[in-house]
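Before any comments, here is the structure.
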Amino acid sequence: MSLVPGTVRPRRLRSTPALRRLVSEVRLHPSELILPMFVKEGLSEPLPLGGMPGVAQHTLDSLLEAAREAVAAGVGGLMLFGIPEHKDEIGSQADDPEGILNRALSLLARELGDDTVIMADLCLDEFTSHGHCGVLDQAGGVDNDATLDRYASMALAQARAGAEVLGLSGMMDGQVAYCREALDAAGFTDTVIMGYTAKYASAFYGPFREAVDSELKGDRKTYQQDPANGREALRELGLDLAEGADIVMVKPGLPYLDVLAEVAQESIVPVWTYQVSGEYAMIEFAAAAGAIDREKAIDESLIAFKRAGSDAILTYWATEVAQRLQTEAAGHLSNSNAVGGR
Ligand code: PBG
């Protein structure tokens, strides 16, 4: 038996690698990949992270070296996280110009600022002795409005250090407007604010807590979003846009593709995704166990973000994938394994 003449055959467009490449709806480019990096005060050697094979806490020297490698691979930007030796109740090291994050920002801005975009995580959790993203009130809760003063001070310190994009990841109400006002008043009118617009209270941040030596006991459910709520992401989007966010973010990535797709549809500014530590770990550990093909799984996860509407992606694989994309672009053609080509 055969199909009737004129049968619609979607397989036709899948028949050769070149044809598949031609009809790909989305593809990856190194400039859309952003590398998150950790720098830790007091280290003499980079310290590999058990929960994130291939990722390390850096010294200033090794940070610069890894940053140069990423920039050579053509990544779009670098997002820095700093881990101070001394943490306290208010996270004093966060806005100290001599704090490790601000020193690292100055270094990278000076050495690489013309070739890439230097970004800073703007949040207190790496700096506080209690591990929360803000300062605490008498009752031990996170004090939203008192935290905003700390964020504004951090924003100025990071802008002065040379950060071009500030990633406001703390999920305090009003954080974008508050930091925007502080930056503008100090003359930093061109400093870009990227709001972590829809950031969920997620178990997928697990390995990151090791990466920043987090002191957190408990959870962040009074400020990060409930995983059950999709509509609320649009409310947060409306607020961040009204407050002047230049870029918005959805985080984590794969478990929230529906949220990403909705935000991407509604947003009038660029939309980014953060493929978080737990997503990274799942693929690395599953691949190490022989359960999945590592490179193919990485590529497929990144392509999923593009398909859902993400403009750029923060991923711990940024350098590796950018390097591979460069090699493929150079070697080019008839490569059925080309990223995004399937
Ligand atoms: C907060 C922050 C977190 C991550 C990025 N910024 C942790 C949290 O909210 O608990 C997680 C990133 C990752 O898991 O890769 N400053």
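The values are calculated or read from the model by the stated rules, or taken from the named source; none is laboratory data. Everything numeric in this text was worked out from a predicted model, so none of it was measured. Note that we place each Cβ from the backbone using ideal geometry, even for glycine, and neighbour counts take in every protein chain shown. Only protein heavy atoms, including side chains, enter the accessible area calculation; ligands, DNA and RNA are left aside. Shrake-Rupley method; radii C 1.70, N 1.55, O 1.52, S 1.80 Å.
Of note:
- Restricted to segment 109-129, and to residues there that are within 16 Å of the ligand (Cβ to nearest atom) and over 11 Å from G167 (Cβ atoms), the residue that is surrounded by the fewest Cβ atoms within 10 Å (Cβ to Cβ) is S129.
- Test set (1) at pLDDT 95 or above; (2) in a helix (DSSP H, G or I); (3) surrounded by 15 or more Cβ atoms within 10 Å (Cβ to Cβ) - E328 fails condition number: (1)
- For L63: the one exception among (1) within 16 Å of the ligand (Cβ to nearest atom); (2) open to solvent by less than 20 Å² (accessible area, probe 1.4 Å); (3) not hydroxyl-bearing (S, T, Y): (1)
- With respect to (1) open to solvent by less than 50 Å² (accessible area, probe 1.4 Å); (2) away from the ligand (no atom under 15 Å from the Cβ), the lone exception for A211 is condition (2).
- Boolean, P227 is within 15 Å of the ligand (Cβ to nearest atom) and not hydroxyl-bearing (S, T, Y): yes
- Positions within segment 21-50 being in a helix (DSSP H, G or I), surrounded by fewer than 16 Cβ atoms within 10 Å (Cβ to Cβ) and not aliphatic (A, V, I, L, M), in sequence order: S31
- Taken residue by residue, segment 81-89 has no member that is basic (K, R) and more than 16 Å from the ligand (Cβ to nearest atom).
- Tally, over segment 28-52, of residues that are free of Cβ contacts under 8 Å to residues at least 24 places away in the same chain and aliphatic (A, V, I, L, M): 2
- Residue within segment 283-293 that is more than 13 Å from P30 (Cα to Cα), part of a strand (DSSP E or B) and modelled with pLDDT of 95 or more present: no
- Under the condition of being assigned to a strand (DSSP E or B) and either in contact with a helix residue (DSSP H, G or I) (Cβ under 9 Å, 6 or more places away or on another chain) or within 9 Å of the ligand (Cβ to nearest atom) (or both), the residues counted in segment 193-208 number 7.
- When each of V276, V263 is tested for being open to solvent by less than 10 Å² (accessible area, probe 1.4 Å) and within 12 Å of the ligand (Cβ to nearest atom), the lone residue that passes is V276.
- Conditions (1) surrounded by 15 or more Cβ atoms within 10 Å (Cβ to Cβ); (2) over 30 Å from A242 (Cβ atoms): number failed by A286: (1)
- Residues that are surrounded by fewer than 19 Cβ atoms within 10 Å (Cβ to Cβ) and within 30 Å of T327 (Cβ to Cβ) within segment 67-108 comprise R68, E69, A72, listed in sequence order.
- For segment 87-114, the set of residues classified as farther than 23 Å from L216 by Cα and either among the β-branched types (V, I, T) or without any contact (Cβ under 8 Å) to a residue 40 or more places away in the chain (or both) consists of E98, D114, listed by residue number.
- Answer from L156, L148, L216 - the residue that is in contact (Cβ under 8 Å) with a residue 40 or more places away in the chain, more than 22 Å from V269 (Cα to Cα) and more than 12 Å from the ligand (Cβ to nearest atom): L156
- Of all residues making up segment 159-183, the number that are closer than 13 Å to E243 by Cα, in contact (Cβ under 8 Å) with a residue 40 or more places away in the chain and of a type in the set (G, A, S): 2
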